[in-house]
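Below you'll find the structure, written out as structure tokens, and then a few comments.
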Amino acid sequence: MSKENTFYITTPIYYPSDKLHIGHTYCTVATDSFARYKRLRGYDVMFLTGTDEHGQKIEEKAKEAGVTPQEFVDRIVEGEGGILDLWKLMNISNDRFIRTTDDYHVTSIQRIFRKMYDNGDIYKGKYSGMYCTPCESFWTESQLVDGKCPDCGREVKYAEEEAYFFRLSNYAQRIKDLLLTGEFLQPMSRVNEMIKNFIDPGLEDLCVSRTSFSWGIPVDFDPGHVVYVWVDALSNYITALGYLNDKYDDYEHYWPAVHIVGKEIVRFHSIIWPAMLMSLGEPVPAKVYGHGWLLIDGGKMSKSKGNVADPYLLAERYGVDALRFFLMRTFPFGSDGNFSNELLINCINADLANDLGNLVSRTTAMVNKYFGGKLPAEQEADEEKDSDLIAMASALAEKVGAEMDKFQPQNAIGEIFKVLNRANKYIDENAPWLLIKEEGKKPRLARVLYNLLESIRICAGLLTPFMPETSAEIAKRVGAPETAWDDLCSFGVLPADVAVTLGDALFPRIDLNKELAALEEISAAQKAAKAAAAGAKPVDPVLPNVKIDDFAKCDMRVCEILSCEKVQNSDKLLKFVLNDGSGTPRQILSGMQAFYAEPEKLVGKKVIAILNLPARKMAGQESNGMLLCAEGDPEHVWLTLVDDAIPAGSRIN
């Protein structure tokens, strides 16, 4: 097969500091869908994923766990419920899985580092600046946001050490020209971010070795240094193909790649990585696509923050294909999306149970009921009634392909469901239950059911990249042959006398309220178990009883947050301006700054405040009351939020 018909696609290699969550699953399922789509089109596909296993954070986590760094990453990657298990569960069809601790990768990295050193692009110097351990990132003072890491918002520490540097600054114009092509990095909004935030302010040379920790690949000509993350991790995309190693020999065949990455690492893949490849004299990636984040309650999912959704639990309860479908159907690829269990359940009920599953069940049941499970060859078409559905189904593969080639899976699925909805409408228009009662109408009824089976065949085939097992099951039920792209571009592939197979409902409807309640119980139990396993402190004992009259002296009211901002000259206080129902705004200061990095997002929320406390001065400003909060431990404090429907000023009794 020629190189022109090859397709190389990668996920980022994930950092195994903890179990992965639904955000990582989203990226990997998307990449898998693109790989499966290209295979369906007949491409020679190489699909790579893997893990980035070196660095200071892993070294520290392993020490805390009382194991070696290698043992620590082995548990998370290969252990029960680990990363390999998750990708197997999610039916990920990767061709290779790379670990940066693999011997062949280590060999390649040492050779890559030396090659860039020999050509003058790596030199020794001294690093001094701010360092974020969770992100493994160095930052200048000007890049910090409120003195914290601009990527994750956490504390940074001053670091100073001898290091090797990569002359990234030498490649600024070439990288800018690459970005401005409009084809290399997508969506285009990411291009503007990279140029405005990194290229135009001036690219600085990049620290590419460390001496302050040892868990990494040694620089073979200077053993006191280990190769830092950029050279180590980013190079996996070529070392996995055999670049400068003897493990594989298909670099020339497959490179360059399409990289699917989260928007937070677009900078590394669209600026640092192509510059490194330019230094090596190798082709730059074919494309970098930076997708958005899945958010929970408006915030980015984070393993360290604990605000994650468990793909194991969701797949177990709703099925792998339902979860894969939801992720690709619901969130525009390239933009952020708000994940919720309610959204997932509604998607399953509306799209999978109602539109798809019901159509398959109704159609096969009617073939079985009216014709004993096999259509007669004698059929009667009606161009006026049939042409619209046939035209839509016939044109569907081209439309789906166009959207997938633009990396817009949600639009591709949307096109498929236009045809499924048209097929459901077609049933109502032709009323098979009435045709069966009319003398001489069996040939017409047979053609109606044939058209439905053909439409389902095409739709199911085009859903294969997203729901491979469900698509295969549907194909079996409608008597379809093994899916091939050319067959999906044509209407009339099924034999006229096709036989169907009945089966259980593909996606039973879910009782939304009962299911949400069940998930809440599971979540609470998991949190309690995790807290117990972590040796969390016991809940404080209940305070001594007070008389109801004493409690009644506290005037507690529901208040709406009109504004919320950090108090100048204070690293603890937030200033809340509240509507307490009196018509006069009330100002309360609260030491919540550490727990709400974006206080403006609290505007419009309803909270509870004690209003009849004496005013007090704090940081030179007056505070008139106190907000009710919940404290899990000194590092976790939450405002007590109440239903938005409760009017401001309502008394708490």
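Using the structure shown, decide if GLU635 is within 39 Å of the chain's Cα centre (by Cα) and either loosely packed, with under 14 Cβ neighbours inside 10 Å or at pLDDT 90 or above (or both).
Working: within 39 Å of the chain's Cα centre (by Cα): yes; either loosely packed, with under 14 Cβ neighbours inside 10 Å or at pLDDT 90 or above (or both): yes.
Spelling it out, GLU635 is indeed within 39 Å of the chain's Cα centre (by Cα) and either loosely packed, with under 14 Cβ neighbours inside 10 Å or at pLDDT 90 or above (or both).
Report, by residue number, each residue of region 58-74 that is at pLDDT below 95 and within 26 Å of VAL29 (Cβ to Cβ).
Selection gives ILE58 alone.
Determine, yes or no, whether SER490 is closer than 27 Å to ASP32 by Cα, surrounded by 16 or more Cβ atoms within 10 Å (Cβ to Cβ), among the hydroxyl-bearing types (Ser, Thr, Tyr) and at pLDDT 95 or above.
Values: closer than 27 Å to ASP32 by Cα: yes; surrounded by 16 or more Cβ atoms within 10 Å (Cβ to Cβ): no; among the hydroxyl-bearing types (Ser, Thr, Tyr): yes; at pLDDT 95 or above: yes.
In short, no.
Any chance region 157-164 includes a residue that's in contact (Cβ under 8 Å) with a residue 60 or more places away in the chain and in contact with a helix residue (DSSP H, G or I) (Cβ under 6 Å, 6 or more places away or on another chain)?
Taking every residue of region 157-164 in turn, none turns out to be in contact (Cβ under 8 Å) with a residue 60 or more places away in the chain and in contact with a helix residue (DSSP H, G or I) (Cβ under 6 Å, 6 or more places away or on another chain).
Within the group SER471, SER455, which residue is surrounded by 24 or more Cβ atoms within 10 Å (Cβ to Cβ), assigned by TED's automatic domain parsing to the domain that holds ASP487 and assigned to a helix (DSSP H, G or I)? Break it down stepwise before answering.
Details: SER471 fails: surrounded by 24 or more Cβ atoms within 10 Å (Cβ to Cβ).
Result: SER455 is the single residue among SER471, SER455 that is surrounded by 24 or more Cβ atoms within 10 Å (Cβ to Cβ), assigned by TED's automatic domain parsing to the domain that holds ASP487 and assigned to a helix (DSSP H, G or I).
Taking ARG111, is it at pLDDT 95 or above, more than 28 Å from ALA30 (Cβ to Cβ) and of a type outside the set (S, T, N, Q)? Step through it out loud before you land on a result.
Working: at pLDDT 95 or above: yes; more than 28 Å from ALA30 (Cβ to Cβ): yes; of a type outside the set (S, T, N, Q): yes.
Taking the combined requirement at face value, the residue satisfies it.
Is it the case that region 539-552 has a residue that's without any contact (Cβ under 8 Å) to a residue 40 or more places away in the chain and among the basic types (Lys, Arg)?
yes
Working only within region 46-69, note down all residues that are closer than 24 Å to GLY242 by Cβ and either touching a residue at least 60 places away in the same chain (Cβ under 8 Å) or of a type outside the set (Ser, Thr, Tyr) (or both). Don't jump to the end; show me each part of the working.
Kept after step one, since they are closer than 24 Å to GLY242 by Cβ, are these residues of region 46-69: 46-54.
Within region 46-69, MET46, PHE47, LEU48, GLY50, ASP52, GLU53, HIS54 qualify.
Return the only residue of ALA505, ALA484, ALA460 being under 33 Å from the mean Cα position of the chain (by Cα) and closer than 22 Å to PRO432 by Cα. Steps first, please.
Values: ALA484 fails: closer than 22 Å to PRO432 by Cα; ALA460 fails: closer than 22 Å to PRO432 by Cα.
Testing whether each residue is under 33 Å from the mean Cα position of the chain (by Cα) and closer than 22 Å to PRO432 by Cα leaves just ALA505.
Just need a number here: residues in region 166-189 that are charged (D, E, K, R) and either at pLDDT below 95 or part of a strand (DSSP E or B) (or both). Before the answer, list the steps.
Step one: list which residues in region 166-189 are charged (D, E, K, R), which gives 167, 174, 176-177, 183.
Checking which are either at pLDDT below 95 or part of a strand (DSSP E or B) (or both) leaves us with 183.
Adding up the residues that qualify gives 1.
Taking the condition assigned by TED's automatic domain parsing to the domain that holds LYS406, hydroxyl-bearing (Ser, Thr, Tyr) and surrounded by fewer than 22 Cβ atoms within 10 Å (Cβ to Cβ), does SER335 pass? Break it down stepwise before answering.
Values: assigned by TED's automatic domain parsing to the domain that holds LYS406: no; hydroxyl-bearing (Ser, Thr, Tyr): yes; surrounded by fewer than 22 Cβ atoms within 10 Å (Cβ to Cβ): yes.
When the stated conditions are applied, SER335 does not pass them.
All but one of (1) modelled with pLDDT under 95; (2) assigned to a helix (DSSP H, G or I) hold for GLU438, so report the exception by its number.
Result: GLU438 fails condition (2) only.
Being in contact with a helix residue (DSSP H, G or I) (Cβ under 9 Å, 6 or more places away or on another chain), free of Cβ contacts under 8 Å to residues at least 60 places away in the same chain and over 18 Å from ALA35 (Cα atoms) is the filter here; which residues of region 455-481 pass it?
Across region 455-481, the qualifying residues are ARG457, GLU473, ALA475, GLY479, ALA480, PRO481.
Residue by residue through region 567-588, note down the ones that are surrounded by 18 or more Cβ atoms within 10 Å (Cβ to Cβ) and within 21 Å of GLY147 (Cβ to Cβ). Explain how you work it out, then say what you get.
As a first pass, look at region 567-588 and keep what is surrounded by 18 or more Cβ atoms within 10 Å (Cβ to Cβ): 567, 573-576, 578-580, 586, 588.
Hits for region 567-588 are VAL567, LEU573, LEU574, LYS575.
What number of residues within region 558-588 satisfy the criterion of being outside any strand (DSSP E or B) and out of contact with any Leu (no Cβ under 7 Å at 6 or more places or on another chain)?
Keep residues of region 558-588 that are outside any strand (DSSP E or B), which gives 567-573, 580-585.
Still in the running and out of contact with any Leu (no Cβ under 7 Å at 6 or more places or on another chain): 568-572, 581-584.
Final tally of qualifying residues: 9.
It is to be established whether one or more residues within region 508-517 are over 33 Å from the mean Cα position of the chain (by Cα) and small (Gly, Ala, Ser). Spell out the reasoning first.
Of region 508-517, the ones over 33 Å from the mean Cα position of the chain (by Cα) are none.
No: zero hits.
To keep it simple, each residue is scored yes or no on (1) farther than 18 Å from LEU628 by Cα; (2) assigned by TED's automatic domain parsing to the domain that holds GLY620; (3) at pLDDT 95 or above.
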residue	(1), (2), (3)
LYS553	no, yes, no
VAL558	no, yes, yes
LYS566	yes, yes, no
SER570	yes, yes, no
LEU573	no, yes, no
THR584	yes, yes, no
ILE588	no, yes, yes
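Let me spell it out: the conditions are (1) free of Cβ contacts under 8 Å to residues at least 40 places away in the same chain; (2) of a type in the set (Gly, Ala, Ser); (3) surrounded by 15 or more Cβ atoms within 10 Å (Cβ to Cβ); (4) within 29 Å of LYS57 (Cα to Cα), and SER209 meets all of them except one. Which number is the exception?
Here SER209 clears every test but (1).
The values are calculated or read from the model by the stated rules, or taken from the named source; none is laboratory data. All figures in this text were calculated on a predicted structure; none of them were measured in a lab. In this analysis, Cβ positions are derived from the backbone assuming ideal geometry, glycine residues included, and neighbour counts consider all displayed protein chains.
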